[in-house]
Amino acid sequence: MDNLRDKFRKQIIKDLQKALGLKNLQAVPHLTKIVLNMGVKDALLDKKNLEKGSMVLTQITGQKPKWTSAKKSISTFKLREGDRIGMMVTLRGKRMYDFFERLISVVLPRLRDFHGLDKKSFDGHGNYSMGFSESTVFPEIDPGKIDRIQGFEVSIATNAKTDKESFELLKALGMPFQK
């Protein structure tokens, strides 16, 4: 089976070059990284919630997450600067393409009432972000072993200069956008 990375290098990159009217093959946009970010809302009450979130991200990505800390103190939330409140995973290379392929071919079709991704979720610099309200849509996660539903965000970073170029790249890679 031909994976997405090989298909991109052999076929998609040439099609994108023609579609975007680029003369140089190196100017064709490509994926640079995918970042998964999870903020744990009850992290201060019970440290086990952080461990459970870490386990979920590890199962989804195959990589151990990095802890994120609070940047400033907020007294109403009983939050102090430096408290661990979340985690993130950065995927690059083969793992990034494998995760992206799993995302578009397995996870997104499993979503309830899914009619395509919103075209307005680009940031103006060629990056795309989406959020998941629960992690059980991933086949690696056993819903019976999860006691609390936790959401997370996925940010897809490209080296495209504009949102139009990034949209064409993601569409060529198979991302299902709304019509």
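For the stretch 85-96, give me each residue that is out of contact with any strand residue (DSSP E or B) (no Cβ under 7 Å at 6 or more places or on another chain) and touching a residue at least 40 places away in the same chain (Cβ under 8 Å).
Correct list: Lys94 only.
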Legend entry - Residue match in the stretch 165-172 (condition: in contact with a strand residue (DSSP E or B) (Cβ under 6 Å, 6 or more places away or on another chain), of a type in the set (S, T, N, Q) and closer than 19 Å to Ile13 by Cβ): yes
Inset, instruction - From (1) closer than 16 Å to Gly126 by Cβ; (2) modelled with pLDDT under 85, pick out the condition that doesn't hold for Lys41. - result: (1)
Inset, instruction - Just one of (1) in contact (Cβ under 8 Å) with a residue 60 or more places away in the chain; (2) closer than 16 Å to Phe8 by Cα trips up Arg102, so point out which. - result: (1)
Legend entry - In the stretch 137-179, the residues that are over 18 Å from the mean Cα position of the chain (by Cα), of a type in the set (Asp, Glu) and part of a loop (DSSP other than H, G, I, E, B): Asp142, Asp147
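When residues of the stretch 44-67 are filtered for being assigned to a loop (DSSP other than H, G, I, E, B), loosely packed, with under 14 Cβ neighbours inside 10 Å and at pLDDT 85 or above, how many remain?
As a first pass, look at the stretch 44-67 and keep what is assigned to a loop (DSSP other than H, G, I, E, B): 44-47, 62-65.
Filter again for loosely packed, with under 14 Cβ neighbours inside 10 Å, leaving 45-47, 62, 64.
So of that shortlist, the ones also at pLDDT 85 or above come out as 62, 64.
Qualifying residue count, the stretch 44-67: 2.
Every residue, every condition in (1) within 25 Å of Lys66 (Cα to Cα); (2) at pLDDT 85 or above; (3) more than 13 Å from the chain's Cα centre (by Cα), yes or no:
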{"site": "Arg95", "(1), (2), (3)": "yes, yes, no"}
{"site": "Leu103", "(1), (2), (3)": "yes, yes, no"}
{"site": "Arg112", "(1), (2), (3)": "no, no, yes"}
{"site": "His115", "(1), (2), (3)": "no, no, yes"}
{"site": "Asn127", "(1), (2), (3)": "yes, yes, no"}
{"site": "Met130", "(1), (2), (3)": "yes, yes, no"}
{"site": "Glu134", "(1), (2), (3)": "yes, no, yes"}
Inset, instruction - Can you tell me which residue among Glu140, Glu134, Glu168, Glu153 is of a type in the set (Asp, Glu) and without any contact (Cβ under 8 Å) to a residue 40 or more places away in the chain? - result: Glu134
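Could you run through the stretch 68-82 and say how many residues are part of a strand (DSSP E or B), in contact with an Asp or Glu (Cβ under 8 Å, 6 or more places away or on another chain) and surrounded by 13 or more Cβ atoms within 10 Å (Cβ to Cβ)? Working first, answer last.
Restricting attention to the stretch 68-82, the residues satisfying the condition of being part of a strand (DSSP E or B) are 68-69, 74, 79.
Filter again for in contact with an Asp or Glu (Cβ under 8 Å, 6 or more places away or on another chain), leaving 69.
Next cut, surrounded by 13 or more Cβ atoms within 10 Å (Cβ to Cβ) only: none.
Within the stretch 68-82, residues that are part of a strand (DSSP E or B), in contact with an Asp or Glu (Cβ under 8 Å, 6 or more places away or on another chain) and surrounded by 13 or more Cβ atoms within 10 Å (Cβ to Cβ) number 0.
Looking at the stretch 104-112, can you tell me whether even one residue there is of a type in the set (Lys, Arg) and more than 21 Å from Gln63 (Cα to Cα)?
From the stretch 104-112, those of a type in the set (Lys, Arg) are 110, 112; that's our starting set.
Filter once more, so that each one left must be more than 21 Å from Gln63 (Cα to Cα): 110, 112.
Yes, that holds for at least one residue.
The values are calculated or read from the model by the stated rules, or taken from the named source; none is laboratory data. Treat the numbers as computed from the prediction; the structure is a model and nothing was measured. When we count neighbours, we look across all protein chains shown, and the Cβ atoms used for this are built from the backbone with ideal geometry, even at glycine.
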